[in-house]
Each structure stands twice: as C-alpha cells, then as structure tokens.
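Note sheet for the following structure.
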Amino acid sequence: MSDFLRGWDVTLHSLRHRHASHMLASNIYPKVVQKRLGHSSVAITMDLSHLMPNMQDEAAPAVDGVLRAAINKRADDVG
C-alpha cells in the first residue's frame, strides 16, 4: 500500500485531512466528522477549517439569506 501511495505522492495523513475536508465541505455535521476521525472534541475537528478557505466566503451570503427570510416573514406576519 505505501508504494501505491508514494506513486501518487500522498500520505495516509494527507488522505485523512482530505477526507475531513471533503466531509466538512459537503456540510456533514461536524460532530459526525469528529466521531469518524476519532477526535476527542469537535474543536479539534473544526481546527481543520483552515483547509477550507472558501468557508468564510460562503458564510456571509448564508447568514444574509437567513436574515432576509426572517425579515420577510416578520413583514408578512405584521402586514
């Protein structure tokens, strides 16, 4: 197996990080990712987010959408 990995220039550690990153990018609940990786806390798992620079870019529009929906709902309830 290690010869195979060397041929692709990857390590088991890098595969583990990629697996975690793909799960987080796919919006898998962080507690599930934590359990799969065997981390003692979800904080350790979420420290992996430095591998996901696009997460910050996605956060503002997501929050904006939730707030706009809440404002529109309130306007509909009042009006």
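If you run the Gaussian network model on the chain, springs between alpha carbon atoms under 10 Å, then out of Leu12, Leu24, Leu67 the most flexible one is Leu67. Between helix 12-25 and the chain there is an angle of about 10 degrees, using the helix long axis and the longest principal axis of the Cα atoms.
For the chain, the relative contact order comes to 20 percent (Cα pairs under 8 Å, sequence separation of at least 6).
Scalar couplings 3J(HN,Hα) for the range 61-78, obtained by applying the Karplus form with A = 6.51, B = -1.76, C = 1.60 to θ = phi - 60°, are x, 5, 5, 4, x, 5, 5, 5, 4, 5, 5, 5, 5, 5, 4, 5, 5, 7 Hz; x denotes Gly and Pro. Of the options (1) 35; (2) 51; (3) 58, only one is percent of Cα pairs over 18 Å apart as computed from these coordinates, and that is (3). On the chain, 60 percent of the accessible area sits on carbon and sulfur atoms, based on a 1.4 Å probe. If a spin label sat at a point 7 angstrom from the Cα of Met55 along the line to its beta carbon, the backbone N atoms of the range 14-40 nearer than 12 Å would be those of 20-31, 33-34.
Heavy atoms only, probe 1.4 angstrom, no DNA, RNA or ligands counted: give me Val10, Val63 ranked by accessible area, highest first.
Working: Val10 25, Val63 85 Å².
Reading off the accessible areas and sorting them downward yields Val63, Val10.
Of Thr11, Thr45, the order by accessible heavy-atom surface (1.4 Å probe, DNA, RNA and ligands excluded), from most exposed downward, is Thr11, Thr45.
The values are calculated or read from the model by the stated rules, or taken from the named source; none is laboratory data. Since this is a predicted model, take the numbers as computed values, not measurements. Positions of Cβ are backbone-derived with ideal geometry, glycine not excepted, and every protein chain shown enters the neighbour counts. The protein model used for the area step is the full one, side chains on, heavy atoms only, and it has no ligands, DNA or RNA in it. Shrake-Rupley method; radii C 1.70, N 1.55, O 1.52, S 1.80 Å.
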